[in-house]
Each structure stands twice: as structure tokens, then as C-alpha cells.
Amino acid sequence: MEVLKIATAGSVDDGKSTLIGRILYDTKSLTSDKLDAIKKTSKQKGYDYLDFSLATDGLVAEREQGITIDVAHIYFSTQTKSYIIADTPGHVEYTRNMVTGASTSQAAIILIDARKGVIEQTNRHFFINNLLRVKDVIVAINKMDLVDFSEEIYNKIKADFKKLMDKRDYQEQNITFIPVSALKGDNVVHKSKHTPWYKGQTLLEHFEQLDTEDIYNIGTPRFPIQYVIRPKTEEFHDFRGYAGKVYGGQLSVGDEVVALPSQTKSKIKEIFVYDQAYQTASRRSSVTITLEDDINVSRGDMLVKIDDLPAIERQFTATISWMDSQNLVTGNKYVLQHGVNKVLAKVDTIHHKIHPDYSGIEENIQALGMNDIASVTFKLNKPIFYDPFKNHRTNGSFILIDSQSNNTVGAGFIQ
Amino acid sequence: MKISTKSNPVEVSSSRAKGPLLDTSKINPLENEAIYIIREVAAQFEKPVLLFSGGKDSITLVRLAQKAFYPAKIPFPLMHIDTGHNFPETIAFRDQLVKELGLELIVRNVQDSINQGKVKEESGRYASRNSLQTTTLLDAIEEFKFDACIGGARRDEEKARAKERIFSVRDDFGQWDEKNQRPELFDMLNGQIQLGQNVRVFPISNWTELDVWSYIERENIEIPSIYFAHTRATFLRDGLIWSSDDDVVFRDEDEVVENRVVRFRTVGDMSCTAAVLSEAADIASVVQEIRDSTISERGARIDDKRSEAAMEKRKQQGYF
């Protein structure tokens, strides 16, 4: 069964946690003990209705303050799909959390409060989902119950949002509008009686019919070597297998490949998962590959098809999402992790900051602070083998690690 | 319903087979992810260890680790933090598994930590050694200088666990700083740490209870007998079915022992794991039962009922 990951984005009080709780409740994914806990706590707090946000806000501080602090993962399944929802908080460190949530998701929900319409935060949520090339975006116009399920208000918000869509970089992104009330359950899982003017699908119906194969980024096959398997036993005396995950496309036995950076050529001899041999390794599968020739390949190297090489460069420009409280400054050095490969990177030039609300760019930038997005050129101590992010979501992205704190301080998308 | 429980996606049975070969697209995406994570541990750390409790989640981890490195052996040991209050069936199973697979097993005992005066045994009706494990675990990590501990925790188990990273950094005191976690982007895992720190790794973070059971069924993995329906001496307390063992579990005189047909859905200590009434005697019936269940897995964990934040508090102190 396919797994679909969905990121959620919304401002404080847009009702994200309530929406997720509603989905869980209406798909009968909330177990009776969890539901009892929600009923008990809602009653204690003197609410008139069930506070579904209690299903997801897990940390003490979150419950105390009634906010979501950290990305939470919520699981449920239907007859056709398994779902993982990344609930990303909308305030402090919002960019960092949203970029993180969107990076592993194929679909996203952007929540808009029907009473407030498109606000600056909405621009940001859309910008980031577009930057990260999330294939399928739902714009859920929430709290429709508080505006009398007005078609006029819904259409106004839709028109406002469409103005944003003209500005987006990734034009092929699928965007769908749905009027909902998370609190009352309208058009979330069940069709609403209050919106006869809305002929579209409910939120869940939309996700159910998504072709998960189609929304995963498809590119050319890239096989970064994670680990070299050398059993050194009697039975497997000469076995030398290259373990890793296939990205982008598929690889088959007999394919002519080249190992990077050595540029040595060989052919795929066998493909294994555990003790089973396969003809073809599909994208996203973790396999072990053996080659016809005994060549020197180690972790961080990459196998690619002979007629389909990535860029092999020691310098490139990328869009950076900065996530640390310490600034990124020209001349700083970081560990750059590209897939499983690590190199040293030096900040060569900060070209400009990009306002993630579509209000333009800012030039003459000396430093980047937390939540900044910018175009930056890096110089590397060794070449990496990459594709532009727009062609390859995995082989076109990297993270930056501070070598003092060891923290992940930024994410990059190669232009 | 998560994993296809149809027959194995491949018809060939050994690496030497020459028959019609298929592609890997039918392999469960969660299995692919877990194998990737386990390989990252072996590649990025010097002294990893797999924390093994004898429960279904850690047994699943062992199978995934086998798959990750085959035909080589699993390149790290297993470690069991033994509270001394385990179900005997679990311990017997553990020893058998280690022997069959030729794995290295390290056992460290909570009893030793008690004898050394490092922790104090709880007393009273709800006394359990569950939270005492933390001290023994942290001491063992220091003793062996482990820099990565692989565990079978899942995000769907509990609300605090839903906030956990796949690579979760712990400081010298084993503490989890839940408000200051590293962002995890795409599937890049940052395992860089300072001396004294270690990383807790959760390869089956994204699996649900049903995913684990379906996988056990599909892979034909052996699990301890207590997961299946059997007759057991039990008593009732707070609406839960407790296993009666007067050496380990405190029981009031008015709590009457009765034989019931039960099974365990989650296996921790006898003193903190409740049984459920069940007729499910084989793996297929267990999977069906989980599918139909309206109670969460940790609903049978007495340790989580202590307070709403019970798990978060234990995790901050270094609990798994």
C-alpha cells in the first residue's frame, strides 16, 4: 500500500490541529481511550465542543499554551492509502518547520481562516510549498461556519489566492480549493449540507484519488552509495555489494553505469534485497547492487547511467533556507551534506535575500538570520554530483551542518 | 490496513535463483525507509547498538537489520536492559533468537543498579521497575561508549513520541531537549555529535502498530508466545487485566486471581503491561484483531496512565 505524506500549514488559530483531529475522528482513527481523554480534558476546560487539537499537541508546553511548538507526525489509514500528516507549527521558527515538513511531503494543506482571508502568512505558506516543489496543494478555507457558509466569501478568497499563483515559480503545482469547517466537520471527510454551491470533493476524497506514484518526483536514476557490504565469509568470499537507495528512476541488471567521481565504467551484475534477487530496482527502494567489474567505490560515491550524468561541480548557486540563530556570513565554512555525501563548503557570495511573501528581493546582504531565504553561491573542497532541484528533488537538495555545534543549520535547493 | 498482506512480491527464493526476476516496486515503502536508516547508522557511527527488549518492535528491527546488511552479519551488537521483571517467555525467546542468528547480546541488569544504590525500588500498588531502566541504560551507554542506540519506538504510540526525530541527539546526561531538536530534511540524516553525546535512532518511526503486525505476518517472523491467546492467572485492577505473579506484581488480598484467556498487545515488564481478553491464537487473527481494535496499544501500558505527560517526562530523563 502506498504511503502519502501531507504537510499542513496555517497561522496560529487557523485551526490546523482541529482539522487533523477532525480527520482522525471522522475516519474513526481515534481510539476510544484517546477519545475519552479528549472528552475528559475538553470538559475540564469547560468547552462546549470536543477540542480535537488535544489529539495532536503532545508536549506539556503545547497543551499549556494551546499552541503547537514542534512538527508532529500523525498517522491514519483508509482502505486505499496510508497517510502521514506532518503538523507544522505556524509561528516561531515557522520557516524552518515548514521547510522541514514540506521536504518529506508530496502534498500540502494550506489553511485560511474564512473571516480573515488571504493574509501575509498565507503568502509565506504558499511560497514555501512552491519552493519545495510539493506537487499537490489543497487550499482549505476553514471556519466556513463562522461566515454562514458564504459562497461569495469563498470565491473572494479563491480569487485573492489566484493572484498569488501567477507569481509562483513552479507553475505545474496542482492547486485545489475546498470550503471546510474543521470544527463542525464540513467537507473534511463528509460532504457538507451547508455548501450546496460547492461541487468539488471533500478533503479526504481528494487525497484518496491522488495517484501517489504520479506525485513523487520522477527524474533520472541516481544511486548514492551508502555502505559497502563485504561479508568476508567462506560462502560469500568475494562478495562486494553496494548498498543504497535508488532515487529518481529505476536501475536494472545489465545497465551500463559509471561510478562518480572516479568515472570508472561497469555494468550492473545483480540487484538484491536481502536474499532475493531482482531484475529491476525501482525508485525509492533500498537495495544492494553488485557490478561486473571489481572497481573501487566507497560511501558518498554515486552510480549513474552511462548516458545520463549529473553536474559534477565544485561551485554552485542554491536557494538557502537558514534555520539557525547564528547568522550565515560570507566566508563562513560549513559541512555540506548532499544525500549521504559530505564535503566542506565555503560561503562565496550572498546574492540576495528573497522575501518569502512574494514582495520581492533585497540586495547587498551581508548576513542571513533565522528564517531567511536567500540565493547563495558556495565553493566546495571536493566536487559533488548534483542535478538542479527543479529536475531532481533529492539529488538537488542538501543540508548545511555547523562543524562546531554539529547542528543542522540550513537547507539548500540547487539552482 | 497498511501493508499488502498478499504473498511475497518475489517468486525466487535464493540469490542463486535464475528464474523470472521482478522489480522492487512492491516492497513496502516503510521497509525501504527503515533499511536506509539502519545503514546510515552503520556508516555514520563508530559504536552503534540495537536496544532489544524481546518485544515485537525490536524483533522487527532485528529482521530489518538482517536485511540491511545481508549477506554480511549485522555489524553491531544487541543490548537488553533487563529489569528482572520480564515475562520468562520473552527472555527464553531472546536467547533463542540470538543463538539462531549468531548475534552478540549484551545484558545489563536493573537489579545491579539497585544493588549499587543508584536507583531505589518503587513501592506500593503501582510499583514498577520500568522507569528505573533509564539509569541502567545510561550507565551501559557510558560503559561501552555507544554513540548510537537503535530503538523500536514509533511515533504513533504516544503524543510525545510523535515529536521525536529519526536521529535524536542526547546529551551527556542522556536527556532529550524536545524544544531544540535538529530539523530533518528530505531523508538526510545528520549524525554528527560531540564526544559524550549519543544518538537515539528510530528506524520504524513512521510505522503504526498495524504496520508492524502486518510485516511480522508477511515476513513470517517468530515472536514470543505471550503475544498469542493463552490461559493465564490474572486479576482485575482499574479496568485492566494484570498478570498475577506475586513475586513481581503487588496485589491486594481482595484482588482475586482468576484464569482468563488473554494475550499481550505490548510487552514491557509484568508490572506495567496489562493483558487483553483475546482468542487470537495465530498471527492472522492477531492482525485482524488489531485492525478492528478501538483501543490504542499504549492503552494497556500502566506506566503511561500516570499522567498526561508521563512519557514526555521519562523521555527528558533519558528513557527510550
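Laid out as a table, the results:
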| read-out | value |
| --- | --- |
| Filter pass, residue A:212 being within 10 Å of chain B (Cβ to nearest Cβ), surrounded by 16 or more Cβ atoms within 10 Å (Cβ to Cβ) and modelled with pLDDT under 90 | yes |
| Sole residue being among the hydrophobic types (A, V, I, L, M, F, W, C), outside the structural domain of residue A:385 (by TED's automatic domain parsing), surrounded by 21 or more Cβ atoms within 10 Å (Cβ to Cβ) and not in a strand (DSSP E or B), chosen from A:272, A:207, A:239 | A:207 |
| Residue that is hydrophobic (A, V, I, L, M, F, W, C), touching a residue at least 40 places away in the same chain (Cβ under 8 Å), in a loop (DSSP other than H, G, I, E, B) and more than 12 Å from chain A (Cβ to nearest Cβ), where the choices are B:223, B:216 | B:223 |
| Filtered residue count, the range B:166-176, keeping only those that are touching a strand residue (DSSP E or B) at 6+ places or on another chain (Cβ under 9 Å) and either of a type in the set (S, T, N, Q) or at the interface with chain A (Cβ under 9 Å from one of its Cβ atoms) (or both) | 2 |
| Residues located in the range B:126-151, provided they are in contact with a strand residue (DSSP E or B) (Cβ under 8 Å, 6 or more places away or on another chain) and modelled with pLDDT under 90 | B:133 |
| Candidates B:276, B:248, filtered to the one that is modelled with pLDDT under 85 and among the β-branched types (Val, Ile, Thr) | B:248 |
| Pair list, Cβ under 7 Å, 6 or more apart: the range A:294-310 residue under 20 Å from residue B:43 (Cα atoms) and within 14 Å of chain B (Cβ to nearest Cβ), other residue surrounded by 14 or more Cβ atoms within 10 Å (Cβ to Cβ) and of a type in the set (S, T, N, Q) | A:299/A:226; A:300/A:341 |
| The range A:1-37, subset surrounded by fewer than 19 Cβ atoms within 10 Å (Cβ to Cβ) and touching an Asp or Glu at 6+ places or on another chain (Cβ under 8 Å), residue modelled with the lowest pLDDT | A:13 |
| Matching option when the condition is closer than 30 Å to residue A:7 by Cα, at pLDDT below 95 and within 11 Å of chain B (Cβ to nearest Cβ), among A:276, A:250, A:226 | A:250 |
| Looking only at the range B:177-213, and only at residues there that are aliphatic (A, V, I, L, M), buried (at least 23 other Cβ atoms within 10 Å of the Cβ) and more than 8 Å from chain A (Cβ to nearest Cβ), the one that is farthest from the chain's Cα centre (by Cα) | B:189 |
| Selected residue [touching a helix residue (DSSP H, G or I) at 6+ places or on another chain (Cβ under 7 Å), more than 18 Å from residue B:149 (Cβ to Cβ) and either more than 7 Å from every other protein chain (Cβ to nearest Cβ) or modelled with pLDDT of 95 or more (or both)] from B:16, B:63 | B:63 |
| Out of A:9, A:37, sole residue that is in contact with a His (Cβ under 8 Å, 6 or more places away or on another chain) and either in contact (Cβ under 8 Å) with a residue 24 or more places away in the chain or under 19 Å from residue B:156 (Cβ atoms) (or both) | A:9 |
| Criterion (surrounded by fewer than 17 Cβ atoms within 10 Å (Cβ to Cβ), farther than 29 Å from residue A:134 by Cβ and in the same structural domain as residue A:181 (by TED's automatic domain parsing)) met by exactly one of A:199, A:193 | A:193 |
| Any chance residue A:84 is part of a strand (DSSP E or B), surrounded by fewer than 24 Cβ atoms within 10 Å (Cβ to Cβ) and at pLDDT 90 or above | yes |
| Candidate set: the range A:318-371, residues that are small (Gly, Ala, Ser) and closer than 20 Å to residue A:102 by Cα; chosen: the one nearest to the other protein chains (Cβ to nearest Cβ) | A:339 |
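The values are calculated or read from the model by the stated rules, or taken from the named source; none is laboratory data. Model, not experiment: these values are computed from the prediction. Note that we place each Cβ from the backbone using ideal geometry, even for glycine, and neighbour counts take in every protein chain shown.
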